Each structure stands twice: as structure tokens, then as C-alpha cells.
Amino acid sequence: MPQRSDAQQNRARILTIARDVLTEDGDASLNSIAKRAGVGPGTLYRHFPNREALVLEVFRAEVQKLVDWAPELLRTEPPLVALRRWFERLAAQIV
């Protein structure tokens, strides 16, 4: 069943904020993430039942961005330049 648009927006906001907060402090609490995302803890836990689920989804979203960026790079850059830029972004995300 598709999520309501407000639920989709909450989930997207939680993921964006979680990425930023966890980058700043890998030990940040889920409650602090919910507060910064402007949602209640119940909303966060409805989308991500535990810390591992949230961290995994943040990781998946970042990997998907890399995957989605590859065709764009290949359209706009020569292959070796595209590969180098892609690996530079990958390395930056690993850090």
C-alpha cells in the first residue's frame, strides 16, 4: 500500500537529517534525530523500528545516489573523467 504524501515527506526528511546528524556524531540518539527532523519519536520509529534500520536506509540512499549519478556522468563527461569523478565522490562518502 502506498504511503500518504505527508508520510513520504516525513520519511525523506528523517533520512536527510539522519545522514547529517550521524555524519556529525555517529552516536547521536534517535530522539535527537527525530527532534531535528521536526517529527515525534513515534513517527521516526514507525518508519525505522531501530537504529540499525535507520543507518542501513541512510547507507542505501547514499549508495543509490551514486548509482543514479553514473549515467549522468557518462552523458556529460568522457568515460575516464566520469570514472574518476565517480570514485572521488565514493571516496568522499566513505570518509
Expected vector for the stretch 85-91, Karplus 3J(HN,Hα) from phi with 6.51, -1.76, 1.60 and θ = phi - 60°, integer Hz, x for Gly and Pro, equals 4, 4, 5, 4, 5, 4, 4
In the chain the accessible area split gives carbon plus sulfur, as whole percent at 1.4 Å, a share of 58
Expressed per residue, the solvent accessible area of the chain in Å² (1.4 Å probe) is about 70
Sequence order, the stretch 25-30: Karplus ³J(HN,Hα) from phi using 6.51 cos²θ - 1.76 cosθ + 1.60, θ = phi - 60°, Hz rounded, Gly and Pro as x, gives 8, x, 9, 4, 7, 5
Most fluctuating of LEU80, LEU44, LEU66 in the GNM of the chain (C-alpha, under 10 Å) is LEU80
Around VAL95 (Cβ within 12 Å, Cβ-to-Cβ, excluding VAL95; K/R +1, D/E -1) the net charge comes to 0
Treating only Lys and Arg (+1) and Asp and Glu (-1) as charged, each at its beta carbon, one finds that the stretch 6-95 has a dipole about its Cα centre, in Debye to the nearest 20, of 160
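The values are calculated or read from the model by the stated rules, or taken from the named source; none is laboratory data. As the structure is a computational prediction, the values presented were derived from the model and not from experiment. Don't worry about glycine lacking a Cβ; one is built from the backbone with ideal geometry, like all the others, and counts go over all protein chains shown. Areas reflect the complete protein model, heavy atoms only, side chains present, ligands, DNA and RNA absent. Shrake-Rupley method; radii C 1.70, N 1.55, O 1.52, S 1.80 Å.
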